[in-house]
Structure formats: structure tokens, C-alpha cells
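Contents: one structure, followed by commentary.
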Amino acid sequence: MPPAFSQQRRLIAATIRFFDLFSGIGGFREGLRRAGGFTCVGHCEVDAYADKNYRLLFDTEGEWFCNDARTIEIERMPDFDLLCAGFPCQAFSIAGKREGFADARGTLFFEIARLVADKRPAYFILENVPGLLSHDKGRTFHTILSTLSELGYGVEWKVLNSKDFGVPQSRKRVYLVGYLDRRCAGKILPFPAANGTSLIQIRTGSQGKRVYSPEGLSCTLTSLAGGMGGKTGFCFRYSENNLSKIVERGCSVQPLCFIQNIAEAFCGLL
């Protein structure tokens with residue numbers, strides 16, 4: 001059976017096999033699990049601690065694994081229909097030095113291109129910080145789009161905010177969806193209007209000391225922020241005795257609904 005026909009039959013059956021590149025602790029995978037109809041065939045993660053958590057959260061027995069995207073031997077990889085990759089963002093983020101492709105982490109995008117060129121998945125979903133769009137006056141993003149276009153993929157992209165998907169945190173990320181089937185054009189990222197809820201600050205202060213009302217949203221939570229609440233944020237817990245003195249640490253929530261909604265859009269096309 002020709003590979004293209006075999007792949008089409010799998011998609012019609014709505015059992016999409018995906019590979020989880022730069023998997024972290026599994027944000028992409030959890031979103032696809034919630035959407036349903038997706039099977040993971042393997043993952044790649046260089047951080048040993050993240051990978052340990054990934055394996056605690058998901059049953060990875062029998063799946064293919066590599067700890068470094070740069071050393072993946074493509075001929076050893078299983079076939080897949082969808083490539084997921086939240087490639088390292090530090091080289092493009094406004095919170096960093098923004099060295100782009102001059103930063104070794106920035107060049108990891110080309111490992112994505114290498115896998116896509118050889119494995120030819122029907123789809124891919126990529127994620128990064130919005131700063132990717134403006135980096136080097138747009139030249140970096142132009143290089144990414146040109147590379148993917150030359151490989152034969154149609155590409156859509158959109159900046160999504162976690163607050164629009166039921167997450168009590170304002171966290172913007174750009175998502176790129178690629179497909180070989182041109183019938184998908186314009187049908188994957190038409191999401192509804194934005195959530196108008198704003199951040200309501202109760203206590204001012206430096207980063208990590210601000211307190212936000214539960215009636216609004218949390219600010220973007222960062223993994224390297226300083227201060228007691230820098231990494232997780234603060235929120236008030238209501239109490240009849242003393243509202244002003246009872247403060248508890250919030251928890252960081254990954255915007256998994258991004259992936260779930262995109263995944264459901266894929267399934268709707270099948």
C-alpha cells in the first residue's frame with residue numbers, strides 16, 4: 001500500500017499518530033489527549049528532570065525516545081502524521097537577549113525542518129513566544145515561513161492568549177499550523193473573540209510582590225522571575241475573619257486548551 005494512501009486511511013479513521021518534539025513535561029500531549037483521537041508514538045526532551053515528570057504523567061512504555069533533537073536518526077524514528085514542537089523560545093523572547101539564530105537554541109528550528117523534510121507528516125503544530133514575529137524586524141519569522149513553504153507546507157499562524165481558553169492567566173503564544181492538504185487553508189485557526197477580562201491589581205509592588213484579584217486574571221507567570229511569588233503569582237483567599245491578611249500562592253497553569261482546541265479543529269476536517 002503506498003505510504004500516502006496508508007496515511008490518508010489513518011486520518012480518515014481519526015487516529016492521528018503524533019511525535020512530541022521538545023516535549024517538556026507534556027503540554028502538547030495533554031491537550032491532544034483531552035481532544036481525543038490522537039496517539040503518541042514517541043517524544044524528545046533534553047532536560048532530564050522534565051523528561052522524568054513526563055514519564056510520570058504519561059504511559060510511555062514502548063514509545064520511541066531521543067534526548068537530543070540534534071542527534072535524532074530519522075531512519076530509526078516511527079512514522080507519524082502530526083509533529084508537535086514547542087521549540088526553545090529564549091532566543092526570541094523579549095525577556096532574553098534576542099540573539100535569534102545566533103543563539104544555539106534558536107537554531108533548533110532547523111531540526112524541526114529536518115524532520116519534516118524527511119518524515120513528511122501531514123500536519124505540524126509549532127509554538128513559541130510572540131516575540132518570534134518581530135525578531136530582527138520580521139526577518140527571522142520570514143526565514144521560518146520560507147523554509148516551511150519550500151518544504152511544501154501551507155502555514156497558518158496566530159497569537160493566542162490563554163485567558164481566551166478558560167485559563168485564569170494572560171499568557172500569549174504564537175501557534176503555527178502546517179499542512180500538506182491545501183483544503184485545510186483557513187479552517188484551523190478561526191477562533192472566537194477574545195476574553196475581555198483584565199488584570200485587577202489589589203496590591204502594587206515589584207515583580208513577584210503584586211497581588212491580583214480572583215475576579216480578574218493573573219499576569220503571565222514566568223519560570224525565572226524573582227521574589228516570593230514571582231514564579232507562581234499570588235491570589236487572595238476569601239475569609240470572613242480577615243481578608244486582607246490571608247494570601248496564598250497560586251499555581252502555574254499550562255494553557256493546554258490551546259492545543260485541545262487546535263486538535264479538535266484538525267478532527268473536524270477529517
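Out of LEU32, LEU11, LEU21, LEU57, I need the residue that is modelled with pLDDT under 90 and within 30 Å of VAL167 (Cβ to Cβ). Which one? Give the derivation first.
Numbers: LEU32 fails: modelled with pLDDT under 90; LEU21 fails: modelled with pLDDT under 90; LEU57 fails: modelled with pLDDT under 90.
Exactly one of LEU32, LEU11, LEU21, LEU57 is modelled with pLDDT under 90 and within 30 Å of VAL167 (Cβ to Cβ), namely LEU11.
Which of the following residues is under 21 Å from PHE28 (Cβ atoms), of a type in the set (D, E, K, R), out of contact with any Pro (no Cβ under 6 Å at 6 or more places or on another chain) and modelled with pLDDT under 70: LYS187, LYS209? Break it down stepwise before answering.
Working: LYS209 fails: under 21 Å from PHE28 (Cβ atoms).
So the residue among LYS187, LYS209 that is under 21 Å from PHE28 (Cβ atoms), of a type in the set (D, E, K, R), out of contact with any Pro (no Cβ under 6 Å at 6 or more places or on another chain) and modelled with pLDDT under 70 is LYS187.
Counting only residues that are of a type outside the set (S, T, N, Q), out of contact with any Pro (no Cβ under 9 Å at 6 or more places or on another chain) and within 17 Å of GLY131 (Cα to Cα), region 168-183 holds 2 of them. Looking only at region 44-85, residues that are of a type in the set (Val, Ile, Thr) and farther than 11 Å from LEU21 by Cα come to 3 in all. Of everything in region 144-175 that is at pLDDT below 85 and assigned to a helix (DSSP H, G or I), the residue that is farthest from LEU189 (Cα to Cα) is LYS163. Per the conditions (1) loosely packed, with under 15 Cβ neighbours inside 10 Å; (2) at pLDDT below 95; (3) under 25 Å from ALA117 (Cα atoms), the sole criterion not satisfied by PHE65 is (2). Taken over region 128-143, the criterion of being part of a helix (DSSP H, G or I) and of a type outside the set (D, E, K, R) is satisfied by GLY131, LEU132, LEU133, SER134, HIS135, GLY138, THR140, PHE141, HIS142, THR143.
Give all pairs with beta carbons closer than 8 Å in which a residue from region 132-156 that is among the charged types (D, E, K, R) meets a residue that is assigned to a helix (DSSP H, G or I); count only pairs at least 6 apart in sequence or on separate chains. As it stands, the answer is ASP136/GLY100, since those pairs meet every condition given.
Of the residues making up region 38-50, those that are closer than 22 Å to PHE110 by Cα and either among the charged types (D, E, K, R) or surrounded by fewer than 20 Cβ atoms within 10 Å (Cβ to Cβ) (or both) are VAL41, GLU45, VAL46, ASP47. Inclusion of ILE125 among residues that are among the aliphatic types (A, V, I, L, M), modelled with pLDDT of 85 or more and assigned to a helix (DSSP H, G or I) is not warranted.
How many residues does region 71-87 hold that are surrounded by 13 or more Cβ atoms within 10 Å (Cβ to Cβ), more than 18 Å from GLY27 (Cα to Cα) and not hydrophobic (A, V, I, L, M, F, W, C)?
2
The values are calculated or read from the model by the stated rules, or taken from the named source; none is laboratory data. Remember, predicted model here, so these are calculated numbers, not experimental data. Cβ sites come from the backbone with ideal geometry, for glycine too, and all protein chains shown count toward neighbours.
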